[in-house]
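Engineer: Here it is, the structure in full.
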Amino acid sequence: MCGFVFLARRSADWTTSPPPLQAMLDAIARRGPDDSGTWSDQNFLMGFRRLSILDLSAHGHQPMASPDGRYVITFNGEIYNYVELRRELQALGRRFVSSGDTEVLLQGYAQWGPAVLDKLNGMWAFVIVDRETGRAFGSRDRLGIKPLYLHDSGRELIAASEIKAIVASGRYQVRADLGAAADYLVSGALDDRARTMFDGIVPLAAGHAFEIDATGALRSWPYWQPRDRASAPPVAPVEAFAALFEDAIRLHMRSDVPVAVHLSGGLDSTSIACAAARVRAETGAQDPLYAFSYNDKDYDETRFIDDTLAQTGARKIALQTDAQRIWQDLPHVIAAQDEPVHSLTPVVGYQLMQLTAEHGIRVVLNGQGADEVLGGYPSYFRDRWVSELLDHGPLRAWREVRRFAQAKGQGALGLFHGLLRHTLQSSLRRSAAYRRVAQRNFQRRTQALAWLSPDLARHAIGHPDYASPRLEQVLIRSMQQDPLPLYLRVEDRNSMAHSVEGRVPFLDHRLVEMSLSLEADWKLSGDLNKHLLRQAMTGRIPASVLERREKFGFPTSSARWLQGVLHDPARDMIASLPTEESLGLRKPALLALLEAHRQRRGDHSTELVRALQWIIWSRQQGLAG
């Protein structure tokens, strides 16, 4: 886990006007406090910051050259199956100097070229320069766990692990993407399209490879995309998933430094913690397994966590925080993230990573991605019923709705009527006329927001969803567009802000492909979400967790806090806007919205948190206001 910057020459003369490579690396120093390095030739520049996880020796230094000097790599991430790939390459005559994964990736590319991507199991962003051809090849991992941002300055094509490194290049003048800003303030949209809050800086899409020629021209293409029925379904899904999950945990625990877990009382992190304990028992590990945990008093999960600790023997280290500390850390989180986040919850994740680092841990496993891959969100039940309705008819859909309603003690008829309405509306959304009306209505509602200026509101285009409502397609959109890309961005920046490597075993591509190959009832059955995971973990995790229905994650009490302890700090920040209309916000109306929230005339915490973050972000970037 590291960070890098990469520049490809366009019209720049690097001998008379070199980019400030060191300043760019200093901007991402927290990603790699252990080592740094640079490399350049007439067409390309590389800079690297290292966080030592595998092969702690100097042999892991980057940028790294191949034995013959033809290829040079800079690489952020982990290739978990590097041991197996090294053996395969050695059998082909390749010789290695280091014991880590960087050289395996480099030699793998020298052996197989771009086809090496199909062999990789891991998370990565990398660039490899071929000095013989004057070209560069790179990639981002299948699910986009590791980041890579691009900016064409005209003089150079710049790529970096974080936006702040591009800003530090001096080749970019910060300016807000007003469309991204408006959609965030109105709809909460983040990381859902090929854009950022910074106009002119875009992410490389997940599952994409790219090539840069000697002129700096960029060509990119998808090498992997999640798709329905991605592979043939296994004959015995429960047994196959359980075995594959155990192997995914085993690979994700490969490290030359201690590995810990982040533990809530939920199914995902509990499954990881219990599997990690089993792997450690197999290897004879003597040091304790640390489990870092946060528990909001409004969402108490203590008994579930305690049951997992009793089964695994893990040693819990609890995060103690409160509203004031979360408010104080919010600017630090936004600075680390380079962009706003969806709520105050990421601040808890930031603090949990800080606690992890304070105990000397550099690698931590958590359950990110399980909901999107295996069907964990409550909204997926309706998507599953839509699939049944469209694929098998109303009787089959009615049976599923009734099973759910009976388990929940709800009325099945009302749910079924809602399903029919939703299915009809989804069909209508595919018509051009419906979309035009929907867009006009969205613009009308946006312009009616009293706290948002019309000038900024007109840039909002909304968050339309016109694709198939079937569960399989919804899951794919969850992985590619919303919400997984945002959650992975939050996870990466929060961990790297404290020089900790976050690993997400549920996003092992083999698990993703297996899940996509299975019918909907393996994801949701009756009122049970993540049905396959529950079946596979039976007897492997505490029964109390296995039987849970409610879902918390790492929640915060922001609505209550903005009525109480955070009301005055929020009011002061809004009041500090220099004019009645600043940063696209109308100060009097925003203050009135905060007061209405304080008096419990509606819950306005979501839009207030967005507006407050927008103010903080704009000031950090030196924009007016």
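The values are calculated or read from the model by the stated rules, or taken from the named source; none is laboratory data. Here the structure is a predicted model, which means the values were calculated and not measured. Cβ coordinates were reconstructed from backbone atoms using ideal geometry, including for glycine residues, and neighbour counts include every protein chain displayed.
Engineer: Kindly indicate whether Trp385 is more than 32 Å from the chain's Cα centre (by Cα), surrounded by 17 or more Cβ atoms within 10 Å (Cβ to Cβ) and at pLDDT 95 or above.
Structural biologist: No, not satisfied.
Engineer: For region 220-248: of the residues being assigned to a helix (DSSP H, G or I) and of a type in the set (Asp, Glu), which is surrounded by the most Cβ atoms within 10 Å (Cβ to Cβ)?
Structural biologist: The residue in question is Asp247.
Engineer: Considering each of Val202, Val174 in turn, give the residue that is in contact with a helix residue (DSSP H, G or I) (Cβ under 8 Å, 6 or more places away or on another chain) and of a type in the set (Val, Ile, Thr). Step through it out loud before you land on a result.
Structural biologist: Values: Val202 fails: in contact with a helix residue (DSSP H, G or I) (Cβ under 8 Å, 6 or more places away or on another chain).
Every option except Val174 fails the conditions.
Engineer: Just checking, which of Tyr377, Tyr350 is under 32 Å from the mean Cα position of the chain (by Cα), closer than 30 Å to Tyr149 by Cβ, among the hydroxyl-bearing types (Ser, Thr, Tyr) and in a helix (DSSP H, G or I)?
Structural biologist: Tyr350
Engineer: Okay, moving on. Where residues in region 249-288 are modelled with pLDDT of 95 or more, among the small types (Gly, Ala, Ser) and surrounded by 22 or more Cβ atoms within 10 Å (Cβ to Cβ), which of them is nearest to Ala310 (Cα to Cα)?
Structural biologist: So the residue we want is Ala273.
Engineer: Count, please, the residues in region 461-483 that happen to be modelled with pLDDT of 90 or more and under 21 Å from Val609 (Cβ atoms).
Structural biologist: The number of residues fulfilling the criteria is 2.
Engineer: Of everything in region 183-194, what is in a loop (DSSP other than H, G, I, E, B) and either closer than 20 Å to Ile145 by Cβ or touching a Pro at 6+ places or on another chain (Cβ under 7 Å) (or both)? Give them in sequence order.
Structural biologist: Leu190, Asp191, Asp192, Arg193, Ala194
Engineer: For region 124-135, check the following and say yes or no: at least one residue is in a strand (DSSP E or B) and of a type in the set (Lys, Arg).
Structural biologist: Of the residues in region 124-135, the ones in a strand (DSSP E or B) are 124-130, 135.
Subsequent filtering for residues that are of a type in the set (Lys, Arg) retains 135.
Yes - at least one qualifying residue is present in region 124-135.
Engineer: Any idea which residue in region 590-625 is nearest to Leu190 (Cα to Cα), counting only those that are crowded, with 17+ Cβ neighbours inside 10 Å and of a type in the set (Gly, Ala, Ser)?
Structural biologist: Ala611
Engineer: If you scan region 34-76, which residues turn out to be among the small types (Gly, Ala, Ser) and either assigned to a loop (DSSP other than H, G, I, E, B) or within 26 Å of the chain's Cα centre (by Cα) (or both)? Even if it seems obvious, please write down each step before you answer.
Structural biologist: Restricting attention to region 34-76, the residues satisfying the condition of being among the small types (Gly, Ala, Ser) are 36-37, 40, 47, 52, 57-58, 60, 65-66, 69.
Correct list: Ser36, Gly47, Ser52, Ser57, Ser66, Gly69.
Engineer: Scan region 535-552 for residues that are surrounded by 17 or more Cβ atoms within 10 Å (Cβ to Cβ) and over 18 Å from Leu263 (Cβ atoms) and jot them down.
Structural biologist: If the condition is that a residue be surrounded by 17 or more Cβ atoms within 10 Å (Cβ to Cβ) and over 18 Å from Leu263 (Cβ atoms), then Gln535, Ala536 are the ones that fit.
Engineer: I would also like to ask the following. Which is farther than 30 Å from Asn295 by Cα, buried (at least 19 other Cβ atoms within 10 Å of the Cβ) and without any contact (Cβ under 8 Å) to a residue 40 or more places away in the chain, of Ala412, Ala397?
Structural biologist: Ala397
Engineer: What's the number of the condition Ala180 fails, among (1) crowded, with 22+ Cβ neighbours inside 10 Å; (2) in a strand (DSSP E or B); (3) free of Cβ contacts under 8 Å to residues at least 40 places away in the same chain?
Structural biologist: Against the list (1) crowded, with 22+ Cβ neighbours inside 10 Å; (2) in a strand (DSSP E or B); (3) free of Cβ contacts under 8 Å to residues at least 40 places away in the same chain, Ala180 comes up short only on (2).
Engineer: Then there's this: Quick one: in region 497-534, of everything that is more than 30 Å from Arg30 (Cβ to Cβ) and of a type in the set (Ser, Thr, Tyr), which residue is surrounded by the most Cβ atoms within 10 Å (Cβ to Cβ)?
Structural biologist: Top of the filtered list is Ser515.
Engineer: Filter region 75-116 down to the residues that are closer than 18 Å to Ala206 by Cβ, in contact (Cβ under 8 Å) with a residue 40 or more places away in the chain and either surrounded by 22 or more Cβ atoms within 10 Å (Cβ to Cβ) or in contact with a helix residue (DSSP H, G or I) (Cβ under 9 Å, 6 or more places away or on another chain) (or both) and list them by number.
Structural biologist: Phe75, Asn76, Gly77, Glu78, Ile79, Tyr80
Engineer: Inside region 218-236, can you point out the residues that are within 28 Å of Ser11 (Cβ to Cβ) and free of Cβ contacts under 8 Å to residues at least 40 places away in the same chain? Spell out the reasoning first.
Structural biologist: Quick first cut of region 218-236, residues within 28 Å of Ser11 (Cβ to Cβ) only: 218-221.
Passing the criteria: Arg219, Ser220, Trp221.
Engineer: Are any residues in region 462-482 part of a helix (DSSP H, G or I) and either surrounded by fewer than 18 Cβ atoms within 10 Å (Cβ to Cβ) or basic (Lys, Arg) (or both), and if so, which ones?
Structural biologist: Gln473, Arg477
Engineer: For residues that are modelled with pLDDT under 90 and either polar (S, T, N, Q) or assigned by TED's automatic domain parsing to the domain that holds Ser387 (or both), tally how many sit in region 434-460.
Structural biologist: Residues meeting the conditions: 5.
Engineer: Would you say Val341 is within 22 Å of Ser499 (Cα to Cα), of a type in the set (A, V, I, L, M) and part of a loop (DSSP other than H, G, I, E, B)?
Structural biologist: In short, yes.
Engineer: Can you tell me which of Leu585, Leu533, Leu623 is in contact (Cβ under 8 Å) with a residue 60 or more places away in the chain and within 30 Å of Arg384 (Cβ to Cβ)?
Structural biologist: Unique residue meeting the criteria: Leu533.
Engineer: How about region 537-564: which of its residues are closer than 25 Å to Leu267 by Cβ and either assigned to a helix (DSSP H, G or I) or modelled with pLDDT of 95 or more (or both)?
Structural biologist: Met537, Thr538, Gly539, Arg540, Ile541, Pro542, Ala543, Ser544, Val545, Leu546, Ser558 - these are the residues of region 537-564 that are closer than 25 Å to Leu267 by Cβ and either assigned to a helix (DSSP H, G or I) or modelled with pLDDT of 95 or more (or both).
Engineer: Here is a follow-up. Got at least one residue in region 565-583 being modelled with pLDDT of 95 or more and farther than 28 Å from Ala457 by Cα?
Structural biologist: yes
Engineer: Which of the numbered conditions does Ile158 fail, given that it passes all the others? Conditions: (1) without any contact (Cβ under 8 Å) to a residue 60 or more places away in the chain; (2) assigned to a strand (DSSP E or B); (3) of a type outside the set (Phe, Trp, Tyr).
Structural biologist: All conditions are met except number (1).
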